[in-house]
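The values are calculated or read from the model by the stated rules, or taken from the named source; none is laboratory data. Please read these numbers as outputs of a predicted model, since none were measured by experiment. No Cβ is skipped: glycine too gets one built from the backbone with ideal geometry, and neighbour counts run over all protein chains shown.
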Amino acid sequence: MGVNWTDAPQWFCSSFSRAAQGAGATAPAREIADLGDELVARWSAPDRHFHNLKHLATVLHRVDELSQETHEPDLVRLAAWYHGAVFSSDRKTTYDLKGGEQTTASAELARKELTELGMPERNVDRVAALVDSLLTHSPDPRDTDSQVLNDADLSVLAAEPQRYKEYAAAVRSEYSHIPTRDFLRARVRILERLLQRQRLFWSPMGAAWENPARQNMEAELARLLKEQRCLPPEEEPEGSDAVAEAAAPR
């Protein structure tokens, strides 16, 4: 993609402005640029070790790469901007929402802010719906734009092995405050559920990422299961689940 990270805010804001204007935003250019600045600040928060500007750049790059398969590429780009705009890695949020990305809240933020830019209601609703489609990463087989967004977001799973290891380490750093046993339990479940799916990638071009992604995840799963076996016996009573207890209503 060739992003100079020193000039990242300027590059990102230009990218956001082009997508917003392409999607029909009628607000003054300065107002659109200011919103782009605010989104860059969100993605730059210090607790984001993976869900940060680098991840956003990757997703935007993949959307561009798959854009020929989309019907409305600017709407998909805006959905990429907002898909992780609301994020918190604090312990309660992580347990309650099963992760830091707050997809529904991000979709509502997109709806509010894009409406304020004067974007047509139909386009605003479509961006919010695309963001919401990432909640389970199970896009509608008839919705190619949703498929492209899903594939762009999961593309890191198919990265070369060393890049994948860096991704896995960044995710762990993002949740470093989560006890090791709880993190391993949750991460193993995520990987097992993903690997059980018939397919991870839905767009024709994204289908080429299927095998590399599965190889990466299988290697990580094997490593995590080995790490689990090396943990000392749990101090909690048999059958207790610290994550479930933390997430239970009070």
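Observations
- Taking the listed residues 187, 142, the one that is part of a helix (DSSP H, G or I), of a type in the set (Lys, Arg) and at pLDDT below 95 is 187, with no other qualifying.
- Scope region 32-79; condition within 20 Å of residue 107 (Cα to Cα) and of a type in the set (Asp, Glu); matching residues: 34, 37, 38, 72, 74
- Within region 11-84, helices (runs of 4 or more DSSP H) holding 2 or more residues that are of a type in the set (A, V, I, L, M) and closer than 23 Å to residue 136 by Cα: 53-65, 73-82
- Which listed residue, of 66, 56, is within 24 Å of residue 151 (Cα to Cα), among the hydrophobic types (A, V, I, L, M, F, W, C), crowded, with 20+ Cβ neighbours inside 10 Å and without any contact (Cβ under 8 Å) to a residue 60 or more places away in the chain: 56
- Only residues that are modelled with pLDDT under 95 and in contact with a Leu (Cβ under 7 Å, 6 or more places away or on another chain) were counted in region 204-227, giving 2.
- Only listed residue being within 22 Å of residue 115 (Cα to Cα) and either more than 13 Å from the chain's Cα centre (by Cα) or not polar (S, T, N, Q) (or both), chosen from 46, 73: 73
- Residue match in region 154-163 (condition: outside any loop (DSSP other than H, G, I, E, B) and free of Cβ contacts under 8 Å to residues at least 24 places away in the same chain): yes
- Criterion (among the polar types (S, T, N, Q), closer than 24 Å to residue 211 by Cβ, surrounded by 18 or more Cβ atoms within 10 Å (Cβ to Cβ) and modelled with pLDDT of 95 or more) met by exactly one of 147, 162: 147
- Near pairs, Cβ below 6 angstrom, 6+ apart or cross-chain, from region 116-136 (at positive phi) to any residue that is surrounded by fewer than 22 Cβ atoms within 10 Å (Cβ to Cβ) and in a loop (DSSP other than H, G, I, E, B): 118/26; 118/27
- Filter result for residue 132 (crowded, with 16+ Cβ neighbours inside 10 Å, acidic (Asp, Glu) and within 19 Å of residue 212 (Cα to Cα)): no
- Among the candidates 223, 214, 199, 185, residue that is free of Cβ contacts under 8 Å to residues at least 40 places away in the same chain and over 29 Å from residue 71 (Cβ atoms): 223
- Scan region 18-53 for residues that are closer than 26 Å to residue 166 by Cβ, touching a residue at least 40 places away in the same chain (Cβ under 8 Å), buried (at least 17 other Cβ atoms within 10 Å of the Cβ) and aliphatic (A, V, I, L, M) and the total you get is 2.
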